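**Student:** Following this message is one structure expressed as C-alpha cells.
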Amino acid sequence: MTKLIEVDEQQQIFHLHNEQISYLLTVEAGQTLSHLYFGKRVRGYHGQLTYPRVDRGFSGNLPGSDDRTFSKDTLPREYSSAGEMDYHLPATVVRQADGANALNLQYVGYTVLEGKPKLAGLPAAYVEDDSEAETLVITLRDEVTGLDYQLSYTIYRALPVITRSVKVVNNGTQAVQLEKVASMQLDFVDRDFEVISLPGAHVNERHPERRPVSFGVQSFESRRGTSSHQMSPFIALVDKQTDEFSGDAYGFNFVYSGNHKFSLEKDQLAQLRLLVGINDYNFTWKLEPAQSFQTPEVLMAYSDQGLNKMSQTFHQLIGKRVVRSKYRDLKRPIVVNNWEATYFDFDEEKLKPIVAEAKQLGIEMFVLDDGWFGHRDDDYSSLGDWQVFAKKFPQGLGHFADYVHNQGLKFGLWFEPEMISYDSDLYRQHPEYLMQVPNRAPSPSRSQYILDLCQAEVRDNVVEQVATILSQGQVDYVKWDMNRHLSDIYSLSLPADRQGEVYHRYVLGYYDLMERLTAKFPDVLFEGCSGGGGRFDAGVAYYMPQIWTSDNTDALARLTIQMGTSLAFPPSMMTAHVSAVPNHQTGRVTPFETRGAAAMSAVFGYELDLTKLTSAEKAAVKEQIAAYNQMRALVLEGKFYRLKSPLDSNQAAWNFVSADKKQVFVAVFNVLAQAQPYLTKTKLAGLDKDKCYRNLATGQVYGGDELMNLGFYDPVVRYDFASQTYLFEAVTEE
Ligand code: GLA
C-alpha cells in the first residue's frame, strides 16, 4: 500500500499526501517549523519553492542573528507562540512561574504512526483499520520551560482530509498556566479568500454568511460554554469565484462542544493566519510537571470542486468516522414526539390515543418529551429528579412503555441531565451541585441552573439516575437535551488557580457522562439536543449519531437551517419533524407535503397530535412514510448536493444520490407564488451521465446527462411554499 506520509530527513521535508491532497511542511532557520502548502495533490516536492527571504522593515529577526531577511513575523508557520518576533495572534500563550509568557518552540523530531491514535477523554475522528490513515507527530520544544508541543497530523487515505490536534507535555520542573492552546494554525500566502461562517440564534440556527477576509482580525466564536446556536464551530475559506460546484474550498470543523474560537488575521503583507481552538476567553489550565494537556481536534477538508464536495467530505468523515453508535449504519426509526402535540399538558391516558394512531400510520417510535418526571407541569421545577411523575403515570413509566411496545412501537424518553431546578429534591439535598460563584446569586435561564459537571460526584449522580431508568430495558432511545447556556463559571471543587479550567472541565465532564452511558447502553439510540441545535457539533456526533436540528419546525425556515447545517454536517445527523400549522414558531401555514419534503430530507419524524389530523392528512402521512421507506438509506448514506439556495433565490433545491448512482431523491421548494412567474429549471447533480433514470411516479425516463445539463422545468404553482419531490431509479438500458 502506498505510504501517505513521506519524510525527507536530509532536507527536513514532510509530505502528507493521498490521491487528492498534499500537505507540506519543513524546518527553517532557528528550527522553526514552517508551512509550505495545503491543497490539491502534488506528486512530490523538490525543496526549492520555499518562502523567499526579503528584508521587511519592522519585522525583526532571530535572536543572535543579523540575517534581516528572515523573520518569524513573515514566514508561514505551523505553530506560533507569544514572545517571539511574530506580531500575529499566537497559537499558544503560557504564563510561567516568573511571570514571563515567552516561548521559543523549536523543532526537535517526529514520528510517523500507522492509523490514528485516540485522544484521551475527547471525541475525535477514528479509523476502523490502521491502513485507513497515517499520523505524523512533530515535537516542538521550548528549552527554557521544558514544554513539549506534539503536533498531530492525520491524513486519511480515501478522503481529502487532514485532522490536527496538539498535546502539551510539561517536561520542566515548574508548573505553568496555559492561557491559550490552539488546536491548529494554518498560514496562507497570496490567497484572497472569503470566509463562510454559520451564525444563528435559537430557532434560527446556522444561516450561512459569506464575506471578504479583510485586514485585521476577524473571529468566530462561542463564549456560551457550548458550541452554541449563535456561531457553529465551523468555517470555510473559499476563493471569490468558488461556488457549490467549482473552485477551492477549505473547511475547518472543530470536534468540540464548548467555547470555541476561529481567528483569522490578515496581515501587513496580505498573508493570512487561521487559528482554531478552545476559546482563550476565561481559559487557563494549570499544567504541573509530568502532566500533559490534550487539545480537541480540528477536521480540515480541502475541495477543488466547490462547496458541495467539501461538505460531502465532512458528511463522509463525520457520518462514518466520527459517529460511533451502532446506529451509524442502521436505519433510524421514524418517530412521533409529543412535545408540540401536548407540551407539558399530558398524562398516560391522553398519550395513548396518539400512540395508537402512530401505529395505524406506520410510525415506528413514540418519544415522550419533557414533563414525565418529578412533579413537572411547567418548566419551573424538577430538573435533577429523574423519577416518574406519578400524577401523569399512576402505574409507573414501565406500564406506559409496555403499552407503547405492545403497539409495536419503540419507546423514547427525554432527559435534561446536566440541569437542576431550585424546586427539586436534588437541589434540596445537594445545593453544592449547582454551578455557582461564591457569595453571588447564580443567574437563571428558563428558570433553571447548571450542574457542576467538574465534580466527579455530580457526574456519578447523573449517570446513576439515568442508568437506573435505562437499566429497566424499556427505553430504546434517549433525547439528551440542554436548555440553557453556561454562566456563573466557577467550581466549588477546584482551587483558585484552577478556576480558569471550569469551562473546559465542564465539557470534559459532559463527554465523560456520554462515554459512560453510551458504553453501558450500546443498544439505545441517543439523540442530542440543546433547545434544538444549540450543541450541534462533531463532538456530540461521536456519542450521539443524530441531533435535533432546531426547535424551529417551520418547513420554510428549515430549508435554510438544514442547508446551512449541511455545509458542515451530514443529513444523517439532522432530525426533522412534520409539525402542525399554523407553525408554533413562525405562525406560517405551509402545505403538508412541503413539511414532509423538508423533514424527509433528514432523519424523519412527526411532532404533532396525530389524533387531530384530517383523514386526508392521515393518508398523506402514510404516503410520506411509504416514500421515506423507499429512500431512507439514500438519505442517510447517499451523497447530498445543494442545488439552489433560498438565501439567493425564490427556491431551494437539493438532491441525494446513492453510492452506486442508481437512486436519486430530489426536493424542490418554491418560496412565494408569483402572478407572472419566470420559468425555472432544476438541474440535478452527481448522477451517472451514461445511465438512464426513471421517474418512479410518472414512469418517464431521462438520461443522467439530460437531468444534469438540460434539467427539468419546475411546475408553475399558484400557492406559496410549494414543493415537489422526485424519486428516480436507474434503468438498465433504454
Ligand atoms: C427543548 C427541545 C424541545 C423540547 C423542549 C422541552 O427546547 O429542543 O424539542 O424537548 O426542550 O422542554
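The values are calculated or read from the model by the stated rules, or taken from the named source; none is laboratory data. It should be emphasised that the depicted structure is a prediction, and the values quoted were computed from it without experimental measurement. Quick reminder, even Gly has a Cβ in these numbers, built from the backbone with ideal geometry, and neighbours come from all protein chains shown. Calculation scope for accessible area: heavy atoms of the full protein, side chains included, ligands and nucleic acids excluded. Shrake-Rupley method; radii C 1.70, N 1.55, O 1.52, S 1.80 Å.
**Student:** Rounding to the nearest 10 and keeping the result within 0 to 90°, find how far the Cα-based axis of helix 397-406 lies from the longest principal axis of the chain.
**Tutor:** With both axes taken from Cα atoms, the answer is about 70 degrees.
**Student:** Given a Förster distance of 45 angstrom, what is the FRET efficiency for E349 paired with D497, based on the Cβ-Cβ distance and rounded to 0.05?
**Tutor:** Step by step, r from the Cβ atoms, then E = 0.20.
**Student:** Sticking with this structure for a sec: Given a 1.4 Å probe and every protein chain left where it sits, what share in percent of the accessible area of the stretch 34-172 is carbon and sulfur?
**Tutor:** Accessible surface attributable to carbon and sulfur in the stretch 34-172 totals 51 percent.
**Student:** Still on this structure, please answer the following. In degrees, nearest 10, range 0 to 90: what is the angle between the Cα axis of helix 555-566 and the longest Cα principal axis of the chain?
**Tutor:** Tilt of helix 555-566: around 30 degrees.
**Student:** If you roll a 1.4 angstrom probe over the protein chains with everything in place, what fraction of the accessible area of the stretch 348-393 belongs to carbon and sulfur, to the nearest %?
**Tutor:** 52 percent
**Student:** Which trypsin sites (Lys or Arg not before Pro) in the stretch 582-659 sit in a loop by DSSP (not H, G, I, E or B) and have at most 15 other Cβ atoms within 10 Å of their own Cβ?
**Tutor:** R588
**Student:** Return the long-range amide H neighbours of M419 (sequence gap of 5 or more, or a different chain), with a cut-off of under 5 Å between placed amide H atoms.
**Tutor:** Counting only residues 5 or more places away or on other chains, the set is L451.
**Student:** Hand me the chymotrypsin sites (Phe, Trp or Tyr not before Pro) from the stretch 152-259 located in a DSSP loop with no more than 13 other Cβ atoms within 10 Å, in residue order please.
**Tutor:** Qualifying residues, ordered by number: F215.
**Student:** Another question, then. Treat each spin label as a single point 7 Å out from the Cα along the C-beta direction, and report the L113 to N282 distance in nm.
**Tutor:** Each label point lies 7 Å from its Cα, and together they span 3.3 nm.
**Student:** Mind listing the phi-derived Karplus ³J(HN,Hα) values for the stretch 189-196, rounded to whole Hz, using 6.51, -1.76 and 1.60 with θ = phi - 60°, and x for any glycine or proline?
**Tutor:** Result, ordered by residue: 10, 6, 10, 9, 7, 10, 10, 10 Hz.
**Student:** Of all DSSP beta bridges located in the stretch 542-671, what percent are antiparallel, nearest 5?
**Tutor:** Rounded to the nearest five, the antiparallel share is 65 percent.
**Student:** I've got another one for you. Can you say what percent of the DSSP beta bridges in the stretch 384-505, counting only those with both residues inside, are antiparallel? Round to 5.
**Tutor:** Just about 50 percent of them are antiparallel.
**Student:** Test of understanding: extend the Cα→C-beta vector of S131 to 7 Å, then name every residue of the stretch 1-32 with backbone N under 13 Å from that spot.
**Tutor:** Answer for the stretch 1-32: 1-3.
**Student:** For the stretch 479-574, which whole percent of the accessible surface, found with a 1.4 angstrom probe, sits on carbon and sulfur atoms?
**Tutor:** Within the stretch 479-574, the accessible surface is 53 percent carbon and sulfur.
**Student:** Given a 1.4 angstrom probe, what's the average accessible area per residue across the chain, in square angstrom?
**Tutor:** Solvent-accessible surface per residue comes out at 37 Å².
**Student:** Counting only residues 5 or more places away or on other chains, whose amide H sits under 5 Å from the amide H of N552 once H atoms are built in the peptide plane?
**Tutor:** Amide H neighbours of N552: V203.
**Student:** What percent does the relative contact order of the stretch 593-734 come to when contacts are Cα pairs within less than 8 Å and at least six residues apart?
**Tutor:** Here the relative contact order equals 23 percent.
**Student:** Between rounded, prolate and oblate, where does the stretch 35-174 land on the alpha carbon gyration tensor, with a ≥ b ≥ c its root eigenvalues, rounded for a/c under 1.5, else prolate if a/b exceeds b/c?
**Tutor:** Here the stretch 35-174 falls in the oblate category.
**Student:** Related question: With label points built 7 Å along Cα→Cβ from the Cα atoms of T611 and V54, find their separation and express it in nm.
**Tutor:** Between T611 and V54, the label points sit 7.5 nm apart.
**Student:** Can you tell me how the stretch 477-609 classifies by the Cα gyration tensor, rounded, prolate or oblate, using a/c under 1.5 as the rounded cut?
**Tutor:** Note, shape of the stretch 477-609 comes out prolate.
**Student:** As a test, work out the antiparallel percent of DSSP beta bridges whose residues both lie in the chain, rounded to the nearest 5.
**Tutor:** Given both bridge residues lie in the chain, the antiparallel proportion sits at roughly 80 percent.
**Student:** Moving on to the next point. Please work out the C-alpha center-to-center distance from the stretch 485-526 to the stretch 289-316 and express it in whole Å.
**Tutor:** Taking the Cα centre of each part, the stretch 485-526 and the stretch 289-316 sit 23 Å apart.
**Student:** Rounded to whole Hz and in sequence order, give me ³J(HN,Hα) for the stretch 83-95 from the Karplus expression 6.51 cos²θ - 1.76 cosθ + 1.60, θ = phi - 60°, writing x for Gly and Pro.
**Tutor:** With the stated coefficients, the stretch 83-95 comes to x, 9, 7, 8, 8, 6, 4, x, 6, 9, 9, 10, 8 Hz.
**Student:** Report the relative contact order of the stretch 34-136, percent, no decimals, based on alpha-carbon pairs under 8 angstrom and at least 6 residues apart.
**Tutor:** 16 percent
**Student:** Using the Karplus curve 6.51 cos²θ - 1.76 cosθ + 1.60 with θ = phi - 60°, work out ³J(HN,Hα) for each residue of the stretch 7-17 in order, rounded to whole Hz, and write x for Gly and Pro.
**Tutor:** Karplus values, whole Hz, x for Gly and Pro: 10, 9, 5, 4, 8, 6, 10, 10, 10, 9, 8.
**Student:** Enter the Cα centre distance for the pair the stretch 709-730 and the stretch 383-412, rounded to the nearest angstrom.
**Tutor:** 43 Å
**Student:** Amide H neighbours of K479 under 5 Å, counting only residues 5+ apart in sequence or on other chains, H built in-plane at 1.01 Å?
**Tutor:** Close amide H contacts, sequence-distant or interchain: L413, W414, F415, E527.
**Student:** For the chain, what's the relative contact order in percent, using C-alpha pairs closer than 8 Å and at least 6 residues apart?
**Tutor:** 10 percent
**Student:** Report, in degrees rounded to the nearest 10, the 0 to 90 angle that the Cα long axis of helix 348-361 makes with the longest principal axis of the chain.
**Tutor:** 90 degrees
**Student:** Another question, if that's okay. Could you list the GluC sites (Glu not before Pro) in the stretch 124-200 that lie in coil according to DSSP, counting only those with at most 10 other Cβ atoms within 10 Å of their Cβ?
**Tutor:** Passing sites in the stretch 124-200 are E128.
**Student:** What's the extension gain from E19 to Q472 if we count 0.36 nm per residue and subtract their Cα-Cα distance?
**Tutor:** Result for the pair: 158.1 nm of gain on full extension.
**Student:** Grab the Cα-Cα distance for D66 and R718, subtract it from 0.36 nm times how many residues apart they are, and report the gain in nm with one decimal.
**Tutor:** So the chain would gain 227.2 nm between D66 and R718.
**Student:** If the chain between A290 and D243 were fully stretched, how many nm would it gain, using 0.36 nm times the residue separation less the Cα-Cα distance?
**Tutor:** The A290-D243 span can extend by a further 12.1 nm.
**Student:** Oh, and also: Does the chain come out rounded, prolate or oblate by the C-alpha gyration tensor, with a ≥ b ≥ c the root eigenvalues, rounded set by a/c under 1.5 and, if not, prolate when a/b is larger than b/c and oblate if not?
**Tutor:** Because a/c hits 1.5 or more and a/b fails to exceed b/c, the chain counts as oblate.
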